[in-house]
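Below is one structure, written out as structure tokens; the observations come after it.
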Amino acid sequence: MIFVNDCGIVTCLGRGKTATAHALAAGTDALTLRNDLVPEKSFYVGAVSGDLPATLQEYDCRNNRMMQLALDEIAPSVEIAIQKYGRDRIAVILGTSTSGISDGESALAAHHATGVWPENFHYRQQEISNLSSFAAHYFGLTGIAYTIATACSSSAKTFASARRLINSGIADAAIVGGADTLCRMTLNGFHSLELLSDKKCNPFSVNRNGITIGEGASAFLLSRDPSPVQLLGIGETSDAHHLTAPDPNGRGAQSAMQQALDDAKLKPADIAYINLHGTATPLNDAMEAKAIHKIFGTQTPCSSTKALTGHMLGATGGCEAAFLWLTLNPETTTGFPPPHKWDGVCDPALPPLTFVSPQTPLPQNKPLAMLSNSFGFGGSNATLIFGRTA
């Protein structure tokens, strides 16, 4: 058995477990309008406000600074694990899709203006491996460390990799999660694909017209040491239907969820809440609604949290896993799952789902298990199931 011993989280909803848990349960709208990311256009984004801590100079970039906020929250648990297992027995597997690209953009603008690269810029800031290397150096860990970059499933898939390492005896514990930060390249790329909403995203509504981008970071410590939240099941599939469009029938998504249920030895009725991938694009929501309905029908409460945080791309799977952890953990739970924020206008073309209304209480006096979906470009699908152990 693998347990999720600790969690660190930062999104536009707040910094840290307590602030995030309360904002999440309240359905807080933290999206802000920005006009500096896409030329001559304004879009809502889920931006983390305020200053970020300076980090190790060799690794300094906005993405690592945000990751550091999440790592600091689990630092006491990591130190205990170091004392118990040793620095070479704790793996680091993190997910990202942007890495330090925003710093590269600023450096390129300075080079265009002055003909000189800024002294504090180096290409390593943009390398995908930079995130996990930073986290390992930050804690002085000498074990295996690598980064997963499978688009929007990246940080969800870190849990599967970590479990394999622990079960195979390669590691005794693992730091997982991931970070992604806002950058112009990403926003302009999605805009060129005509996937950005010109309003705040509206998941599963008949009026949905695209995604809202966000940023964030999460960090977890996994091990066999018992704690209140357990990693019950994982499902991973790759349907490879299209470079950017999902399989319209949702077969890969359905298979990932069924794998996770089988892995956890649970039935659909055992799931108390589903965190939907729910990007608010016409194709993704249609696919996911079909897949959810085929397995769960209309009995399981669901919500997409992307209307609260924006789509955090490579960080979204980890951050939304953190939302499950916060809801399950007795020390952080508010007693309410995240509500589904939208205009309330159902799409008659989609199979019906049961969306969480504000202040809907969790089931009482029964074991709790919750599921989270992450579906990436290229048909990379990942499903996680967490459960409360007591």
*asked:* Any residue at all in the range 191-210 that's buried (at least 20 other Cβ atoms within 10 Å of the Cβ), outside any strand (DSSP E or B) and within 16 Å of the chain's Cα centre (by Cα)?
replied: no
*Looking only at the range 238-255, decide whether some residue is in contact with a helix residue (DSSP H, G or I) (Cβ under 9 Å, 6 or more places away or on another chain), surrounded by fewer than 24 Cβ atoms within 10 Å (Cβ to Cβ) and assigned to a strand (DSSP E or B).*
yes
*For Ala253, are the conditions met, namely being among the hydrophobic types (A, V, I, L, M, F, W, C) and on the phi > 0 side of the Ramachandran plot?*
no
_Residue tally, condition within 30 Å of Phe3 (Cβ to Cβ) and crowded, with 20+ Cβ neighbours inside 10 Å, over the range 356-387_ = 18
*Find the residue count for the range 43-81, including only residues that are surrounded by fewer than 17 Cβ atoms within 10 Å (Cβ to Cβ) and at pLDDT below 95.*
8
_Would you confirm, using the coordinates I've provided, whether Phe375 is closer than 15 Å to Ala25 by Cα and in contact (Cβ under 8 Å) with a residue 24 or more places away in the chain?_
no
*closer than 17 Å to Ala145 by Cα and at pLDDT 95 or above, is that true of Tyr85?*
yes
*Hey, does the range 15-33 have a residue that's among the hydroxyl-bearing types (Ser, Thr, Tyr), modelled with pLDDT under 95, under 25 Å from Pro338 (Cα atoms) and touching a strand residue (DSSP E or B) at 6+ places or on another chain (Cβ under 9 Å)?*
yes
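The values are calculated or read from the model by the stated rules, or taken from the named source; none is laboratory data. Model, not experiment: these values are computed from the prediction. Neighbour counts are summed over all protein chains in view; Cβ atoms, including those assigned to glycine, are modelled from backbone coordinates with ideal geometry.
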